[in-house]
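The values are calculated or read from the model by the stated rules, or taken from the named source; none is laboratory data. Just so it is clear, the model here is predicted, and its values are computed rather than measured. Please note: Cβ atoms are built from the backbone with ideal geometry, for glycine as well, and neighbour counts cover all protein chains shown.
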Amino acid sequence: MLDVRLIRSDIDSVRAGVARRGEDTSAVDRAAELDAEVRSLAAKRDSLRAEIRSLSNEVGSLFRDGRKDEAGSLQEQSKALGEEEKQLDERAGVLASELREVMLRIPNLPAAECPDGGGEADNVLLRTEHFDPDAYGDHQRVPHWEIGEELGLLDVARAVKLSGSMFVMYRGAGAALARALCQLAIDRNVDLYEEIRPPTLVRTDTMVATGHLPKFVDEAYHSERDDLWAIPTAEVPLTSLARDEILDSSELPKRFCAHTSCFRREAGSAGKDTRGLLRLHEFDKVELLALCEPADAPALHDEILARAEGLIADLGLSYRILDLCAGDIGASARRTFDIEVYSPGVDQWLEVSSVSWFGDYQARRANLRYRPGSGKGTEVLNTLNGSALAVPRVWAALVETNRRPDGSVAVPELLVPYMRGLESLTAPDR
């Protein structure tokens with residue numbers, strides 16, 4: 001969340017940042033009102049506490065001097081003040097809780113470098129790599145779900161029978177390809193990023209820490225019986241690994257990578273891109289995440305983007321990099337770069353990685369702090385993350401791009417060792 005002190009000292013900049021996203025700024029004004037009232041009540045409460053302590057000392061002196069009547073009178077006065085102090089404290093607590101709820105719903109402020117714009121159409125194209133729209137043959141203009149069914153790589157019908165719409169089942173070499181992509185992404189990053197296998201179900205405060213709650217409650221899967229949430233991305237548990245801890249600056253930056261299943265309701269999709277692998281309730285992904293001092297954030301943002309891009313490039317896919325505008329970045333982000341691959345069978349650019357810098361927004365929610373080299377006090381960390389590789393759309397683009405005229409699919413050389421030496425995907429009866 002934002003630092004409430006920023007709202008106190010420069011509310012206009014906070015309003016301007018929220019407005020850049022195209023969002024209503026009334027929550028900022030409400031937070032300012034609540035903060036002022038909480039501080040006023042707290043000041044009155046603390047004043048009363050000081051007065052009560054003073055009376056208590058005076059009562060003790062009067063009793064020692066044998067002046068019981070005067071002491072009793074002051075005790076009654078102290079008791080009345082105590083009741084008033086209790087009411088002020090309770091009221092301040094209620095308003096402080098309301099303030100926190102309001103603050104949790106105020107989005108992060110876009111970075112100054114984040115392009116202005118109201119939505120997807122205003123994102124800035126930084127560059128396009130290895131793309132020639134005229135280079136694709138008719139054999140590559142076949143949707144991956146048709147290729148997958150023909151070659152026995154996908155079994156959507158049985159997945160729907162088992163779990164319902166927007167679930168998919170990989171079979172045979174299709175399952176091997178999904179696994180191979182994840183293992184490749186892990187192997188490419190464990191040189192610097194510690195591999196973690198976090199829990200898939202997490203507590204509410206773990207979801208709140210990244211900003212997925214309360215804003216995206218309708219997109220999340222919740223087990224009410226246990227009050228646990230299925231993670232929408234490994235970002236959620238990884239961000240909270242050091243929650244409520246104080247790290248030493250010598251430990252920073254912390255880098256983690258994780259392969260997990262991810263679960264999203266896609267409640268707002270309303271039938272959009274529901275065929276094949278383009279939008280699923282469950283999918284596998286390898287995530288990269290870093291915790292760092294603020295000064296190191298720009299370099300780590302570039303590092304995560306370079307690693308994600310390098311993997312897509314080495315798989316031989318056409319891709320482009322977008323600098324997302326203020327109206328299209330996630331609620332917790334300050335700046336985001338998207339990697340999109342071209343999928344010739346559906347003739348679409350598909351987002352396969354969002355690489356985001358969150359500033360101290362998530363770290364405040366998770367209470368992620370570090371002790372600077374000076375050793376004086378503590379500071380709030382910065383968080384960054386990005387998908388090293390998200391399986392479904394990369395899988396789809398690979399199968400479509402590498403389809404041959406005879407209907408078989410060439411396995412990228414990089415993946416052959418992970419496919420038990422398989423170099424080509426063919427129909428089971430071939």
Tell me, yes or no, whether the range 387-407 has at least one residue that is of a type outside the set (Phe, Trp, Tyr), farther than 23 Å from residue 293 by Cβ, free of Cβ contacts under 8 Å to residues at least 24 places away in the same chain and touching a helix residue (DSSP H, G or I) at 6+ places or on another chain (Cβ under 7 Å). no
Hey, does the range 121-128 have a residue that's of a type in the set (Gly, Ala, Ser) and either in a helix (DSSP H, G or I) or modelled with pLDDT under 95 (or both)? yes
Can you tell me which residues in the range 386-428 are closer than 30 Å to residue 210 by Cβ and of a type in the set (A, V, I, L, M, F, W, C)? 388, 389, 390, 391, 394, 395, 396, 397, 398
Residues to consider are 330, 345; find the one that is touching an Asp or Glu at 6+ places or on another chain (Cβ under 8 Å), in contact (Cβ under 8 Å) with a residue 12 or more places away in the chain and within 24 Å of residue 282 (Cα to Cα). 345
For a quick check of your reading of the model, give me the residue pairs whose first member lies in the range 26-53 and is assigned by TED's automatic domain parsing to the domain that holds residue 83 and more than 18 Å from residue 80 (Cβ to Cβ), whose second is of a type in the set (A, V, I, L, M, F, W, C) and outside any helix (DSSP H, G or I), with beta-carbon atoms closer than 9 Å and at least 6 apart or on different chains. 27/106; 28/2; 28/106; 31/2; 31/106
With the checklist (1) within 35 Å of the chain's Cα centre (by Cα); (2) assigned to a helix (DSSP H, G or I) in hand, flag the one item residue 23 doesn't pass. (2)
Condition test on residue 94, is it of a type outside the set (Phe, Trp, Tyr), farther than 30 Å from residue 382 by Cβ, loosely packed, with under 15 Cβ neighbours inside 10 Å and without any contact (Cβ under 8 Å) to a residue 60 or more places away in the chain? yes
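Consider the range 254-275. How many of its residues are at pLDDT 75 or above and more than 18 Å from residue 229 (Cβ to Cβ)? Talk me through it step by step, then tell me what you get.
Narrowing the range 254-275 to residues at pLDDT 75 or above: 254-266, 275.
Filter once more, keeping what is more than 18 Å from residue 229 (Cβ to Cβ): 254-257, 259, 275.
So the count comes out to 6.
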Is it true that residue 118 is over 27 Å from the mean Cα position of the chain (by Cα) and not in a helix (DSSP H, G or I)? no
Count, please, the residues in the range 280-321 that happen to be free of Cβ contacts under 8 Å to residues at least 24 places away in the same chain and in contact with a Ser or Thr (Cβ under 8 Å, 6 or more places away or on another chain). 0
Any residue at all in the range 191-204 that's in contact with a Gly (Cβ under 7 Å, 6 or more places away or on another chain) and buried (at least 17 other Cβ atoms within 10 Å of the Cβ)? no
Listing of strands (runs of 3 or more DSSP E) fully contained in the range 135-234 that carry 1 or more residues being in contact (Cβ under 8 Å) with a residue 12 or more places away in the chain and within 19 Å of residue 282 (Cβ to Cβ): 221-223, 228-230
